[in-house]
Structures are given as structure tokens and as C-alpha cells.
Amino acid sequence: MSRLALTLILALALAAPGGAPAASVQAQVRDAARKPVADAVVYAMPATGPSEARSARAAIEQIDREFVPYVSVVQTGTAVSFPNRDTILHHVYSFSPARTFEIKLYTGKSPGEIVFDKPGVVNIGCNIHDWMVGYVLVVSTPYFAKTNADGIAQLRDIPSGTYELRAWHPRQSAAADARSLVLEPFATPTVAFAVDVLPRKARYKPPLDRLKY
Amino acid sequence: MSAAPETRKPFANLSSLRARIVIFFVALLVLVQGLGAFLVIQANSQIARQTIDQQLEQGERVFRQLLKQNQARLEQGAGILSADFAFRQAIATNDIGTILSVLRNHGARVGADVMTLASLENVVRADTLDNARAGKPFAYPEIINIARAEGKASSVVVRGTSLYQLVVVPVLAPDPIAWVGLAFEVNDGVAKELQQLTGLDVSFASRMGTGNWQLHASTLPVSLRPALLAAFSGSEIEGVRDEIEIAGEDYETRLASLESRPDKRVVAVLQKQLKESLSPFRRISTSFFWLTLAGLAFLVAGSLLIARSITRPVHRLAEAARRVQQGDYARHVDVEHHDEIGQLAVSFNHMLDGIVSREREILRLAYEDGLTALPNRAMFNEQLDQAVRTAKRASAPLAVLLFDMDRFKTINDTLGHPVGDQALREVASRVRHVLRDSDIVARLGGDEFGVLLATGGAEHAPKVVAQKILKALETPLVIDGQPMDITASIGMARFPEHGEDAASLLRAADVAMYEAKRTKSGYSIYDPTHDERRQEFLTLLGELRRAVEAGELVLHYQPKMSLGEGRMTSVEALVRWSHPQRGFIEPSAFSPFAEHTGYSGEITRWVLARAIEQCGAWEKAGLHIRMCVNVSARDLQQEDALVQFLSTALQAAKLPAGMLSLEITESALMEDPRSAQSTLRKLRELGIATSIDDYGTGYSSLAYIKQLAVSELKIDRAFVSGMEADRSNAAIVRSTIELGHNLGLTVVAEGVETDHELAELRRFGCDFAQGFYFARPMPADELEKWLGASRDKAFGIAAEARGEA
């Protein structure tokens, strides 16, 4: 997790426009009950239009028969690998319209990278383990962040300008309203989002020691 | 006996013991068995229904379990199907052709009849049965809603005319991307399977809103299905059991609601045929019925037997009692058993013996005289009746004798009844002994006896029998060592001359007996003139009562001649009844009855008073005539009254007592010797002379006479008048005269009628004589004339006497 986060930060830092002084946005996502919502994605769409990453990479690991992280957010054009850290095989797939793919049974390093070139939600699963669910939000902006356990997402190094700030959660019952935001240089506004989130349904996951595959 | 015919027929009378026993037991059994049957049938049907209900309930549980399992199986299948990668992949292609084919293909794998794919927004994307539905809303959104919450859902749905079990599961990739509906038709096959597992008839029916019920599947034959539909279209039966009649068969029915909403109801109809379920209970009821019938038959037979064993001996006893009632004591009741009835029979037999002996005793008492052990009057009358009837048939002679003791009352009065009873016993015994066994002797009462001579015959002629009886009584009875003379008077009557029947024969004999008594003849045979005399007597008896007061009685005087002096020295006063119509009546015609009626005392007093008065009158007139008056034994018994009366009368007439002489018959003296003796002594003390009348008829000894204070003996006329014919009579007269003289008594001879008699008496030295030879009794005035007129003749006698002397 920390490694991935580091990677993302690095990527963002590299992506930041060099000349203009940057702003940062802190987003606070709560649910209807005012509880902080983790794993929510907050991203800012520049009024200047979508942008695609160049040679950006990301990884979604399979650890202990779960996708890690549960929720990923990538810029369009990002190549995502699916390294298998388990000793058993996985068969990762997605039938989502944003990106349909299938990585047949493998272990260790994933046989190839999947490039997410269309914005949208990609729901990923494992054909062998029905409970394994993962989400990849593909956005066409480099300014995005994921809420931590406190429901706080930090968007840094955003060049000043006009943005549309959006929030998303894989189990949201409805999309939260987008916020228009004009960022002054060095500005650090805080934006609160209220997102109704359905509870995560626990799917049956057999204990490992009983399943020797 | 009205009950007699009933004993033959056991049920002719329902109140008979046997009928009652049988009816009681049968009624008891019917009651108990009826109650039992009622309870058994009740319980049976209750158990049957409970069993059926349980079967149905159990069936329903099994059914529901099966449905659930089925549903789970279908859901599982659906889940597996929806998770199939290829299936998901195909769904994800969004190519309708591909989707339809994968739906068909995979649907066939789990046996779904219809597969439907719907979007997450409930819009049909593909349908294997009718793809025209594509693009239209899914028909059962509510099921999807459940599936959204539960991950799966199932329900029964009606589509067209078919019923389906619809299972809806999401297509997971791995989040739901669509809904797939798997529909399994609920058809007859499904019903059949359920039937095999539940043992019930299973039908499925549905109803949309208030529309008609629709039958989708059933195990019932197709022909019966409309009836089933009709049966529960009519009634709104809901979930609970009920009976439904289908084609004449009752089905216990239970509705298992599968869907129950106002607009849609789906039910499973679970049924069990009652006949089939009830058949074991029917068998029990049938067995029970036959058992009851058999029991009833056995009971009727058994109770009949028992009743018969009770009633037969009872009937026999009743029969025996009836025989006893009719007087048949001969047969005892057979004692068969030694039970209670047997004991009753034994007691009955003892009772019978008791009755027999008592009846014999009663008969004996009724027909026997207790004192003499002879038959009594009742028996005698009966025997006489019978004898008369027999005699009538056989035209045989028959005779009845009645007799009683003369002056028996005196014995009873003076010696006491015990002596009288002994005398009667002795008389009875003697009479019995002189008769044949075939003759009947009975004591008719008092001292009266009757004899029935069955056959007459010369040797046994009544007269002969009468003589035998008199002879038997001649020997004096000795009672308590004291001899006692007794005489009887016998009356006889013969059948058929003197009477045609018992009553008239007895009356005739009675009349004859009276005649014998009157004439002192010992016995008398009936003569019709007796009746006249008797009649006459009865009239006289009534008239005699007023004769004394009316002065109809007169005294006649018969001269008594002194043979030594040759003149009349005294007269005997004799009473005569000068009856206004009949003229003079002799004392012999009324005096015995005067005695009977107790009237003699009055007559005697009248006679004595009149005689003394006359004697006194003559004395005053210078006629010195002694007066002799007869007195009876009864007069002597009233000694003080008699003596008092005489002394008063003599004083009144100023007549010396020596002028009066009382004549007492020998038999009167013998009747009551003690009282006679005492009276005679008192008379002599008074100076009155006494004379024994009719001497020679009373068997009294001279020694006895000697003790008596008498001065004169009067020889009975029978001896005097018999002297001429029989020398022995003359000897008796002579010896009597001699004996009298030896005892210092004067002797008088009565009934002198001829010269010869007078001569003989004179020769024997007799002192006095009286009789028709000298004069008849005559009134006082005539006697006076006679005295004057016969002085010469009287002296003639005297001269003759003197001359001879």
C-alpha cells in the first residue's frame, strides 16, 4: 500500500506543471450519517479538458485472495499490472465496458499489463474466487486522491485554474454532485462531500487452510 | 287359573320372568354395545380424521420442505449457472443472439424451461420463450428486489396458462451486471413427484385478482379436475383442511398457500381420499358390528337358557301349586337341582305334606264327632244323601234310624256333663258293636244318634236292628262305679216309602222317634198318621198354655175300692182337658209335652190345689174320701216348693194331711232317687202318704223301695190285665202283693176289669183295687151320684169279699 502510494505520489510530482505555482485541495467525504467514508475517490477535472497519462503505471496485487487495493484510481492511459502474491493461481477478469480483459490462470508476476485507456469504472474479479472484488476508477485527469480511514483525501500540486471536483465510491447509491472550483495559487481549500454508501456485502470466503489450492 | 296357558309360550306375556330377563340382558348389551359402537365410531372417525389431518399436515410439511429443497436446488443451480464464466462472458458481449443461445444452452443444463435476462434496471434483455419481451420491463420486479437484497429470489409465477417456479439470480462480474430468471414449469410431472414423496394428491391452482381459479397441474385424472376447480371455486376455503367431494368421493383437502397477495394467489391443493384413509377404521367398525351381532346372538341364546333354567322349575312349581289348588296332593315336585329353586321345591313338597295332613285332620274334625269318634251330622247327612242316590239308582231299600236317650237331660243336669259324656261314649260304643261295619252310626248332636242301614233285608230289617240297639242298652251303664239305667226311643223311616230324599227321611224318622217316646214303646216305625198327631199336638201345646187360665182343665175322680171293707175309700184324681172343640183329651195326649215345655209344674199345682179343695169340700159334706194325686219326678225335684205348697193348700182346705196321698211312678223315683228319697221323707213328716205308681215297670228292687218312705205299692195295669192270659203275670202280681205286705206296705191293683181279676186279687190278699170294673173316672158331682147309686153294688162286692173271706 505504502509503496503504491509512493509510486502515485511520485507520478503526480512528476506530472505537476513546472512553472505555475500549485494549489492543494483537501476533501472530506462523509456518508449520510456523517461518518467518514474511506476508499472514496476524489478527483478534479480541469476545465481545460481531459488529459491522458504517458507511460504511467500502476499495480493491483492479489494478496491473500483479495485485490489490493480494493479501490484504485488511475489516469487514462495508465498500464496496470496484476502481480499475484499468493501461492495459488488467480484468473483476473473484467467485463466492464470501460475495460474488458482477462488474465488467465497465472501466478507471480502478471503475464502482461492492462492499459486502461477509457475513463470509467472497471470492476475486476477473479474467476476462481468469487468473493474477490476490486475497482479501478479510470479518470482522464492526473489530479485525484483516495480518502483514508478518516475520509480525507489530499489533492496536491494542482495548478491554479478552474476545476470540477468530483467524488466517487464503488458502493455509492448515487453519484455525488460535482463541485466547480477555481483554485488560486497556493490555495488550500477544503471541500466536503456527502456520499451515500451501501455497506460492503461480505461474500463467503472459505478459510485458506481448508482450501489447498 | 288364568295364567295356565301362558306358561307354554315364553314371550306371550312380556312381563313374564323369562321375557324380562332376556329383555333386560339384550337391552343392556344393546346399550353397552351401542355406546361402545358410538364411542368406537366416534373415536374412529376422530382418529381417522386426525390421522388424515396429520397425514395432510405432514404431507404439507414434506411438500413445503420439498418445495424449499427444490427451490434451493434451483437457486443453487441458478447460482452456479450465473457464475459460469463463459455464461458471464456471453452475457457481457451484449450480443442478443449470443445471449439467447447461452441462456438456452445453460438453461438446459439446469432444466429450466424458460430463461430470461433482465438488466439491473429491470428491463428484459432476452427471453427464451418469447423474445418479444425484450426491452420491456421485467414482469416480476418484486422478485428482483428480493434478489437484490438477498442475492437470490424465487417465487411461483403464472405465465400464460402455466405455473412456474421462478428463480432470479444476479449475473456477477463480480458485481451484478444483470438479472437472470430461471423458470421451471410446475406441471403434472412435478405434482406426480410430490405425490410420490408425500403420499397425497397434489394440485396447483392460481387466481389472479378476483378472476377464476386456474388449475395448472394435478395428480388427479384430467376428468376430475373441473370438479376440483368447481369445488373450491364455490367455497373460499383458506389454508385449512376441509372435505371436498369430487365425483362422489370425499377428499380431505388442505390448501398450502404458495403466494397470497390480493392480486395473485397460488395454492397447492393437498388431498387425501377419505375412503382410502378411512378404510382401516371402516374395517374396525365392520368387525365391531359383526362382533356385536354375534354377541347379541350369544347373549339372547344364553339369557334364554338361563331364564329357562330359572323359569322352568318355577313353572313346574306353579303347575304343582295349581294342582294343589285343585285338590290334587298326590304328586310331589321333582327336585332337579339343589339351587335356590331346588330348595324352594323341597320346601314346597314339605308344605304339600303339611297341607295333606292338615286337610285330613280338618276333614276328620269336620266330619267326625269329637266325643264319640263317630261321624257327625254333616257326615251323616252326606252319607245319607249318597246312599239315597245310590238306592234310587239300584232301587235298593234303605232305612234310617234316629234315637235319643230318654230323660238324658236329667243325667246331664244331675250328674254333670262329664258323666253324660261318658254315658254317650258308652252308648255309642255299644250301638256301634251291634251293627254291621257297612252300617253307619253317627252322633247327630246332644244325645241324638242316627243309623243308616245301607241294605234292608229280612235279617237286618230296621225293626230287628232297633231291637238289637235296645237290647244293647238294657245292661245298665256303669260310670264311675255307679250303675245307671238308660233307655232310648228309636224312630225309623224307610226309603222309598217314607221319604224320597235325605231330608224327608230324617224328618220321618224324627216323627217316628217322637212317637216311640210318646208311646214309650222303645221303637216306632214311621206312619203318616204320626204327622197328624204331631200336628195336633203342636196345636194343643199352644192351647195348653191358656187351658189352665181358661179353666179348661177339669179333674175326674176314679174310685179306689178297699177289697177288705168292700167299699170305696179313696179316689184318684185324674186331670182332663175339656177342649172347647175337641172335647175331653186324655192326659197321656198332653202330659209328656207338658213336661217337655216345663208346663207340668203349673198343671201339677193346679191339680193338687183342685184335688185338695175337692177333698176338703167332701169332708165338709161328710164324705170321708181320701184323695190320691199323681206327681212327676220333676215335681219331686222341687221338694221344698212342693212341700210348702202342699202344707199351704191343706191348711187352706182345713184338711188333715192323712187325707192326701201322692202317687209317684216307679220310673220317676228311679230317675233321681236321692232327691225323691228326700222329698218322700219330708212328705211323710208332713203326714202325707205316698204311693209307688206303675210298680213293676221300673226294675227297681224292693230293697230300694224299702228305703223309701212310701206306704203303698200300685201294681201296673199291664200285669193285672195280663193275669188271665199268662200265669206268670198272676205270679208276679201275687208275689208283689206278698212282698209289699212283707214290707208293711198296702198294695193297690190298677186296671181291674173282670170278675176273674177281682177274684184273683182277692185271693192274693190285695188291699185295694181300681178299674173300669168298678167305675171309670168321673167328675165330682157324678161321683157323688155314683156313690149313692152304687152303695148296694159296692156293698155287694164287699159282701162277696166278706163271704169269700
**OP:** Please state which of the following conditions A:Thr107 fails to meet, knowing it meets all the rest: (1) without any contact (Cβ under 8 Å) to a residue 24 or more places away in the chain; (2) open to solvent by less than 80 Å² (accessible area, probe 1.4 Å); (3) within 14 Å of chain B (Cβ to nearest Cβ).
**Re:** (3)
**OP:** Any residue in segment B:304-326 that's without any contact (Cβ under 8 Å) to a residue 60 or more places away in the chain: show its pairings with residues that are open to solvent by 60 Å² or more (accessible area, probe 1.4 Å) and of a type outside the set (S, T, N, Q) at Cβ separation under 6 Å, as long as the two are six or more apart or on different chains.
**Re:** none
Original post:
Which members of segment B:90-111 meet the condition of being within 10 Å of chain A (Cβ to nearest Cβ) and out of contact with any Ser or Thr (no Cβ under 9 Å at 6 or more places or on another chain)?
Top reply: B:Thr93, B:Asn94
Original post:
Among the residues of segment B:171-185, is there at least one that is assigned to a helix (DSSP H, G or I), under 28 Å from B:Gly97 (Cβ atoms) and out of contact with any Phe, Trp or Tyr (no Cβ under 8 Å at 6 or more places or on another chain)?
Top reply: no
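Name the residue that is least open to solvent (accessible area, probe 1.4 Å), counting only residues in segment B:475-498 that are over 13 Å from B:Glu426 (Cβ atoms) and free of Cβ contacts under 8 Å to residues at least 12 places away in the same chain. Spell out the reasoning first.
Filtering segment B:475-498 down to residues over 13 Å from B:Glu426 (Cβ atoms) leaves B:481, B:487, B:489-498.
Next cut, free of Cβ contacts under 8 Å to residues at least 12 places away in the same chain only: B:481, B:497.
Details: B:Gly481: 67, B:Glu497: 110 Å².
So the residue we want is B:Gly481.
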Original post:
Given the conditions (1) surrounded by 22 or more Cβ atoms within 10 Å (Cβ to Cβ); (2) more than 14 Å from every other protein chain (Cβ to nearest Cβ), and given that B:Gln195 satisfies all but one, which numbered condition is not satisfied?
Top reply: (1)
**OP:** Check off (1) modelled with pLDDT under 90; (2) part of a loop (DSSP other than H, G, I, E, B); (3) open to solvent by 70 Å² or more (accessible area, probe 1.4 Å) for A:Leu6 and give me the number that stays unchecked.
**Re:** (2)
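For (1) in a helix (DSSP H, G or I); (2) free of Cβ contacts under 8 Å to residues at least 12 places away in the same chain, each residue gets a yes or a no:
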position	(1), (2)
B:Lys275	yes, no
B:Phe281	yes, no
B:Thr286	yes, yes
B:Leu291	yes, yes
B:Asp328	no, yes
B:Val333	no, no
Subject >> All positions within segment A:143-178 that are buried (at least 23 other Cβ atoms within 10 Å of the Cβ) and either assigned to a loop (DSSP other than H, G, I, E, B) or in contact with a Gly (Cβ under 7 Å, 6 or more places away or on another chain) (or both) >> reply: A:Thr147, A:His169
Subject >> Residues (open to solvent by 30 Å² or more (accessible area, probe 1.4 Å) and under 26 Å from B:Ile525 (Cα atoms)) located in segment B:411-428 >> reply: B:Arg425, B:Glu426
**OP:** Starting from residues that are crowded, with 23+ Cβ neighbours inside 10 Å and under 27 Å from A:Gly49 (Cα atoms), keep the ones in segment A:74-95 and report whichever is nearest to the other protein chains (Cβ to nearest Cβ).
**Re:** A:Val74
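Identify all residues within segment B:116-132 that are among the aliphatic types (A, V, I, L, M) and under 20 Å from B:Asn145 (Cβ atoms); write none if there are none.
Initially, segment B:116-132 is screened for residues among the aliphatic types (A, V, I, L, M), giving B:117-118, B:120, B:123-124, B:126, B:129, B:132.
Of everything in segment B:116-132, those that are among the aliphatic types (A, V, I, L, M) and under 20 Å from B:Asn145 (Cβ atoms) turn out to be B:Leu117, B:Ala118, B:Leu120, B:Val123, B:Val124.
If you take the residues of segment A:113-127 that are open to solvent by less than 30 Å² (accessible area, probe 1.4 Å) and closer than 20 Å to A:Ile63 by Cα, which of them is nearest to the other protein chains (Cβ to nearest Cβ)? Please lay out each step first, then the result.
Applying the first criterion (open to solvent by less than 30 Å² (accessible area, probe 1.4 Å)) to segment A:113-127 yields A:114, A:116, A:120, A:122-126.
Keeping just the survivors that are closer than 20 Å to A:Ile63 by Cα gives A:114, A:122-126.
Details: A:Ile114: 16, A:Val122: 11, A:Asn123: 5, A:Ile124: 8, A:Gly125: 3, A:Cys126: 8 Å.
Taking the candidates together, the pick is A:Gly125.
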Original post:
Which one is nearest to the chain's Cα centre (by Cα) among residues in segment B:101-113 that are closer than 21 Å to B:Ala132 by Cβ and surrounded by 20 or more Cβ atoms within 10 Å (Cβ to Cβ)?
Top reply: B:Ala112
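Got at least one residue in segment B:131-140 being within 13 Å of chain A (Cβ to nearest Cβ) and at negative phi?
Step one: filter segment B:131-140 for residues within 13 Å of chain A (Cβ to nearest Cβ), giving none.
Checking segment B:131-140: not a single residue is within 13 Å of chain A (Cβ to nearest Cβ) and at negative phi.
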**OP:** Give me a count of the residues in segment B:731-759 that are aliphatic (A, V, I, L, M) and within 11 Å of B:Ser721 (Cα to Cα).
**Re:** 4
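Residues of segment B:64-89 being more than 14 Å from chain A (Cβ to nearest Cβ) and out of contact with any strand residue (DSSP E or B) (no Cβ under 6 Å at 6 or more places or on another chain), which ones?
We begin by selecting, within segment B:64-89, every residue more than 14 Å from chain A (Cβ to nearest Cβ); these are B:64-75, B:77-78.
Residues satisfying the conditions are B:Arg64, B:Gln65, B:Leu66, B:Leu67, B:Lys68, B:Gln69, B:Asn70, B:Ala72, B:Arg73, B:Gly77.
Yes or no: segment B:74-89 includes at least one residue that is open to solvent by 80 Å² or more (accessible area, probe 1.4 Å) and either assigned to a helix (DSSP H, G or I) or in contact with a His (Cβ under 7 Å, 6 or more places away or on another chain) (or both). Show your work before the answer.
We begin by selecting, within segment B:74-89, every residue open to solvent by 80 Å² or more (accessible area, probe 1.4 Å); these are B:76, B:80.
Applying the additional criterion that residues be either assigned to a helix (DSSP H, G or I) or in contact with a His (Cβ under 7 Å, 6 or more places away or on another chain) (or both) yields B:76, B:80.
Yes, because at least one residue in segment B:74-89 is open to solvent by 80 Å² or more (accessible area, probe 1.4 Å) and either assigned to a helix (DSSP H, G or I) or in contact with a His (Cβ under 7 Å, 6 or more places away or on another chain) (or both).
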**OP:** Please determine, by comparing only the residues of segment B:25-37 that are open to solvent by 50 Å² or more (accessible area, probe 1.4 Å) and touching a helix residue (DSSP H, G or I) at 6+ places or on another chain (Cβ under 8 Å), which one is farthest from B:Trp290 (Cα to Cα).
**Re:** B:Phe25
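Looking at segment B:141-190 only, could you name the residues that are of a type in the set (D, E, K, R) and either away from chain A (no Cβ under 14 Å) or under 60 Å from the mean Cα position of the chain (by Cα) (or both)?
Looking only at segment B:141-190, we keep the residues that are of a type in the set (D, E, K, R), and these are B:142, B:148, B:150, B:152, B:159, B:175, B:185, B:188.
Within segment B:141-190, B:Glu142, B:Arg159, B:Glu185, B:Asp188 qualify.
Inspect all residues belonging to segment B:49-56 and state whether any of them is touching a residue at least 12 places away in the same chain (Cβ under 8 Å), in contact with a Lys or Arg (Cβ under 7 Å, 6 or more places away or on another chain), within 30 Å of B:Ser277 (Cβ to Cβ) and open to solvent by 60 Å² or more (accessible area, probe 1.4 Å). Explain how you work it out, then say what you get.
We begin by selecting, within segment B:49-56, every residue touching a residue at least 12 places away in the same chain (Cβ under 8 Å); these are B:49, B:51-53, B:55-56.
From the residues that got through so far, the ones that are in contact with a Lys or Arg (Cβ under 7 Å, 6 or more places away or on another chain) too are B:52-53, B:55-56.
With within 30 Å of B:Ser277 (Cβ to Cβ) added as a condition, the list becomes B:52-53, B:55-56.
After this cut, where a residue has to be open to solvent by 60 Å² or more (accessible area, probe 1.4 Å) as well, the list is B:55.
Scanning segment B:49-56 turns up at least one residue that is touching a residue at least 12 places away in the same chain (Cβ under 8 Å), in contact with a Lys or Arg (Cβ under 7 Å, 6 or more places away or on another chain), within 30 Å of B:Ser277 (Cβ to Cβ) and open to solvent by 60 Å² or more (accessible area, probe 1.4 Å).
The values are calculated or read from the model by the stated rules, or taken from the named source; none is laboratory data. Keep in mind it's a predicted model, so treat the numbers as computed, not measured. Neighbour counts are summed over all protein chains in view; Cβ atoms, including those assigned to glycine, are modelled from backbone coordinates with ideal geometry. Quick note on the areas: whole protein, heavy atoms, side chains included, nothing else; ligands and nucleic acids left out. Shrake-Rupley method; radii C 1.70, N 1.55, O 1.52, S 1.80 Å.
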